[in-house]
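Quick notes on the structure that follows.
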Amino acid sequence: MNDKVRAKKHLGQHFLTDENIAKKIADTLKLSGYKHVLEIGPGMGVLTKYLLEKPVETHVIEIDPESVEYLNAHFLALSGRIHSKDFLKYDVRQLFGDQPFAITGNFPYNISSQIVFKTIEMRDQVPEFTGMFQKEVAERICEGPGNKTYGILSVLTQAFYKAEYLFTVSEKVFDPPPKVKSGVLRLTRKEDHQLRCNEKMFFRVVKTAFQQRRKTLRNSLKTFNLSDSLKEDAIFGQRPEQLSVEAFVSLTQKIENDTV
Ligand code: SAH
């Protein structure tokens, strides 16, 4: 067997080589309110070994059979908790039932947004999410209104989680080095993570509004067939990037209550 996993580009494999940074990422978990942690994309386990020192039960999910073989050979303590699966297609309840768990990882950057969207879907079970993304993606998730990068990912995440950008990581500490810098973030679920509006409608409004982010809501939300009187409301003269999460919730309520 090889003593290292060969990096495969199509799986977004860039292995972290700096032990201090690996430890620092593992330390981003506050370990409060859950006893299980799921690491996505452990690769050769650089982060995993620090997670194993924590007073929680760590499971890892890895799509690459070569990495899985490596982990099975090197991490006997993880026996039975190495899952050879695609995170995006896997039903995590098979591991944790209804128990809460945290998600962490130095994630595969080619599926960053999907990882966040899947986490949002599972939010009732995920009180905390930390880890490393491409820097721009980490920034976008944490960005507030009024900024160019504020968008769908920011609003949908922040509707349910407090988002903190923690620190930037240089491309030089990866093998092979990626073309971009990386950023580590922490998402902490809000105490009250129920939306005060219809959730499906909220997602639809946010996505539709940002599809034409330079237009006013009056124009970008035309397909909702809103009444003329509602469209007079000042909020419709704004562009999506000006709206806070709360403003999107209130906009959704208005749309729900609109009768043409
Ligand atoms: N955490 C390791 C590896 C990071 S590279 C480190 O820091 O060194 C990203 C890892 O995610 C790779 O091991 C890759 O095989 C894995 N991966 C990619 N797509 C995946 C998916 N859909 N499900 C689970 N793991 C995935």
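Under 7 Å between Cβ atoms, which residue pairs at least 6 apart in sequence (or on different chains) link something in region 144-159 that is at negative phi and not assigned by TED's automatic domain parsing to the domain that holds ASP124 with a partner that is surrounded by fewer than 21 Cβ atoms within 10 Å (Cβ to Cβ) and modelled with pLDDT under 95?
none
Which residue is most open to solvent (accessible area, probe 1.4 Å), if the candidates are limited to region 8-60 and must be more than 7 Å from the ligand (Cβ to nearest atom) and among the aromatic types (Phe, Trp, Tyr)?
Taking the candidates together, the pick is TYR50.
Name the single residue, out of those in region 94-123 being open to solvent by 40 Å² or more (accessible area, probe 1.4 Å) and free of Cβ contacts under 8 Å to residues at least 24 places away in the same chain, that is nearest to LEU187 (Cα to Cα).
GLU121
Can PHE87 be described as open to solvent by less than 70 Å² (accessible area, probe 1.4 Å), among the hydrophobic types (A, V, I, L, M, F, W, C) and within 10 Å of the ligand (Cβ to nearest atom)?
It is true that PHE87 is open to solvent by less than 70 Å² (accessible area, probe 1.4 Å), among the hydrophobic types (A, V, I, L, M, F, W, C) and within 10 Å of the ligand (Cβ to nearest atom).
If I go through region 160-189 residue by residue, how many of them are within 15 Å of the chain's Cα centre (by Cα) and either outside the structural domain of GLU136 (by TED's automatic domain parsing) or over 21 Å from LEU11 (Cβ atoms) (or both)?
12
Which residues, taken from region 228-241, are over 18 Å from THR157 (Cβ atoms) and part of a helix (DSSP H, G or I)?
If the condition is that a residue be over 18 Å from THR157 (Cβ atoms) and part of a helix (DSSP H, G or I), then ASP228, SER229, LEU230, LYS231, ALA234, ILE235, PHE236, GLY237 are the ones that fit.
Can you give me the ranges of the helices (runs of 4 or more DSSP H) entirely in region 100-158 with at least 1 residues that are within 16 Å of the ligand (Cβ to nearest atom) and acidic (Asp, Glu)?
By residue number, 112-121.
Scan region 207-215 and tell me whether some residue there is within 25 Å of ASN257 (Cα to Cα), open to solvent by less than 60 Å² (accessible area, probe 1.4 Å) and touching a residue at least 40 places away in the same chain (Cβ under 8 Å).
yes
The values are calculated or read from the model by the stated rules, or taken from the named source; none is laboratory data. Everything numeric in this text was worked out from a predicted model, so none of it was measured. When we count neighbours, we look across all protein chains shown, and the Cβ atoms used for this are built from the backbone with ideal geometry, even at glycine. Just so you know, the surface numbers come from the protein's heavy atoms only, side chains and all, with ligands and any DNA or RNA stripped out. Shrake-Rupley method; radii C 1.70, N 1.55, O 1.52, S 1.80 Å.
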